[in-house]
Amino acid sequence: MALILKSFFSEESVSPKFELAKFILYKNNSVFARSLCNCQNYQNRRPQAQLEVTVKYDSNIGIINNDSSPYTEISIGRFYNWGLAIANNLHCQIRNCYMCSAHKYDYENGCLYCNMKNIKIDNPKIASICETFHLNNEFNCKNLEEVKHYAQFNPIDIWVNNHKAIKSDDSLRHKKL
């Protein structure tokens, strides 16, 4: 059972016509970062989710950022990495190849590789059973710093399915991540 502290998307902050994007970490270690919703239905939580992170979204420009620097363009890929870092920081059970120090993303071919095993990774969830997985703390810290900066200027909803809920003004501005 999860508890919501307070909805941070009020009628003043987000019109129902705005889209929102969700990062969802499921209990089976699957991750989805393109779930679209709006301020009227974003609290319809998935019962199999460990974590949901919700931000403003526009299908033409991506994730909306009210700050002009330094994260003016926030891709779904960056949002995915933020979600992984938030999940790890909140002690959710997550192991994902993107979080591993041995991962390498080939931007030219759009492929993820494991430098340790020298293989192409089709599903980053394979890290949950990988014996060579090693958390990349630099990845985690960098992404948490970006999220903290983003949350200073933008609403962000973080919901954890373990009797806790966190909203941007409580967690990312005042709580040490």
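The values are calculated or read from the model by the stated rules, or taken from the named source; none is laboratory data. Quantities reported herein were computed from a predicted structural model and do not represent experimental measurements. Please note: Cβ atoms are built from the backbone with ideal geometry, for glycine as well, and neighbour counts cover all protein chains shown. Heads up: the accessible areas ignore ligands, DNA and RNA and are worked out on the full protein's heavy atoms, side chains in. Shrake-Rupley method; radii C 1.70, N 1.55, O 1.52, S 1.80 Å.
When Lys142 is tested against (1) in contact with a strand residue (DSSP E or B) (Cβ under 8 Å, 6 or more places away or on another chain); (2) open to solvent by 20 Å² or more (accessible area, probe 1.4 Å), exactly one condition is not met: (1). Any chance you could count how many residues in segment 116-144 are part of a helix (DSSP H, G or I), within 14 Å of Leu84 (Cβ to Cβ) and not polar (S, T, N, Q)? Final tally of qualifying residues: 8.
Let's see how each residue does on (1) at pLDDT below 90; (2) hydrophobic (A, V, I, L, M, F, W, C):
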{"site": "Glu52", "(1), (2)": "no, no"}
{"site": "Tyr57", "(1), (2)": "yes, no"}
{"site": "Pro70", "(1), (2)": "yes, no"}
{"site": "Glu73", "(1), (2)": "yes, no"}
{"site": "Phe79", "(1), (2)": "no, yes"}
{"site": "Asn115", "(1), (2)": "no, no"}
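Against the list (1) at pLDDT 90 or above; (2) closer than 22 Å to Ser30 by Cα, the condition Glu145 fails is (2). Taking first residues from segment 17-29 that are part of a loop (DSSP other than H, G, I, E, B) and partners that are at pLDDT 85 or above, the Cβ contacts under 7 Å between residues at least 6 apart in sequence or on separate chains come to Lys27/Gln48; Lys27/Gln50; Asn29/Ile94; Asn29/Arg95; Asn29/Lys125; Asn29/Ser128.
Conditions (1) open to solvent by 40 Å² or more (accessible area, probe 1.4 Å); (2) at pLDDT below 70; (3) among the small types (Gly, Ala, Ser); (4) more than 14 Å from Tyr150 (Cα to Cα), marked per residue:
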| residue | (1), (2), (3), (4) |
| --- | --- |
| Lys6 | yes, yes, no, yes |
| Asn29 | no, no, no, yes |
| Ser35 | no, no, yes, yes |
| Gln48 | yes, no, no, yes |
| Trp82 | no, no, no, no |
| Arg95 | yes, no, no, yes |
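Close contacts from segment 31-44, counting a first residue that is part of a strand (DSSP E or B) and a second that is open to solvent by 90 Å² or more (accessible area, probe 1.4 Å), with Cβ to Cβ under 8 Å and a gap of 6+ residues or different chains, come to Cys37/Asn44; Asn38/Lys17.
When segment 127-139 is filtered for residues that are within 12 Å of Met99 (Cβ to Cβ) and either open to solvent by 80 Å² or more (accessible area, probe 1.4 Å) or among the hydrophobic types (A, V, I, L, M, F, W, C) (or both), the ones remaining, listed by number, are Ala127, Cys130, Phe133, His134, Leu135, Asn137, Glu138, Phe139. The set of residues from segment 99-115 being open to solvent by 40 Å² or more (accessible area, probe 1.4 Å) and either part of a strand (DSSP E or B) or touching a Phe, Trp or Tyr at 6+ places or on another chain (Cβ under 9 Å) (or both) comprises Ser101, His103, Lys104, Tyr105, Tyr113. Within segment 84-93, restricting attention to residues that are part of a helix (DSSP H, G or I) and open to solvent by 10 Å² or more (accessible area, probe 1.4 Å), which residue is nearest to Ala49 (Cα to Cα)? Out of the qualifying residues, it is Asn88.
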